[in-house]
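So the structure is just underneath, and the comments pick up after that.
Since every read-out is calculated from the coordinates, none of them should be taken as a lab result. What you see is a predicted model; the values in this text were computed from it and never measured. For neighbour counting, all protein chains shown are included, and Cβ atoms are generated from backbone atoms with ideal geometry for every residue, glycine included.
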Amino acid sequence: MRICGAAAISSSYTTTSNSLSVFVSSSLSSPSKTKFLPSLSRFSVKRSGLFSQTRPSIAVNKPSMNLLNKLGFGSARAPENLDSSIPQGPDDDIPAPGQQFAQFGAGCFWGVELAFQRVPGVTRTEVGYTQGLVHNPTYEDVCTGTTNHSEVVRVQYDPKNCSYESLLDLFWARHDPTTLNRQGNDVGTQYRSGIYYYTEEQEKAARESLEQQQKQLNRKIVTEILPAKKFYRAEEYHQQYLEKGGRFGFGQSAAKGCNDPIRCYG
């Protein structure tokens with residue numbers, strides 16, 4: 001089942017456009033738009049606390065139009081957005097001087113971003129979409145499960161103050177790498193586990209760390225290790241979501257070295 005954080009779709013409602021009334025019920029809702037109520041439990045970055053979490057709703061108005069598009073109404077995508085050669089190209093953004101990029105997919109990107117924000121030597125974090133087939137995807141596009149994008153955090157870090165290996169350690173601790181296309185109740189290809197490398201050195205370190213992690217687990221790790229591809233920055237309300245208050249309006253600390261439990265959805 002897919003949990004989408006973009007907007008709550010109720011079990012039934014009516015939407016009207018001009019003279020057209022479209023009744024949308026739970027029988028028409030695709031699995032990609034089904035929601036659970038969020039868990040209010042607190043948990044730390046330890047793997048054992050992740051699996052009861054669910055993703056909440058965010059009140060935005062776009063999904064109703066997205067549903068109309070699915071039903072055959074509304075505008076079609078621009079042809080250039082369907083050119084998969086663009087999103088399958090490398091991430092050609094340039095980090096700040098003396099900095100390096102790293103990309104990680106470990107389920108819902110809100111909690112993962114806050115965990116990396118707290119790491120000394122990390123100078124910037126952004127959440128977004130990558131590895132997909134559609135140019136300039138929206139969150140609603142990604143939630144359909146048809147674009148093959150992964151929710152990721154792109155980390156900019158100072159290698160003099162933060163090693164890539166320390167970022168890998170946090171990545172493994174932050175999620176369960178043995179569940180395919182799933183973290184807890186968040187289900188879908190966008191929640192897959194992935195390390196997306198920028199250099200040969202990063203690739204080597206990632207593969208070595210996977211081998212070490214596999215020795216500690218009795219289930220097969222399904223984490224993909226691939227070259228970093230074009231990064232599409234997610235909508236602004238997703239950026240530093242938990243630091244800004246999350247769903248419940250209580251901001252969580254992004255201070256360096258902070259080890260307060262992370263409330264994954266706010």
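General observations
- Of Arg192, Arg219, Arg207, Arg247, the sequence from fewest to most neighbouring Cβ atoms within 10 angstrom is Arg219, Arg207, Arg247, Arg192.
- Counted by neighbouring Cβ atoms within 10 Å, the residues Glu203, Glu165, Glu113 run from fewest to most as Glu165, Glu203, Glu113.
- Sorted by Cβ density within 10 Å, fewest first, the residues Asp260, Asp158: Asp260, Asp158
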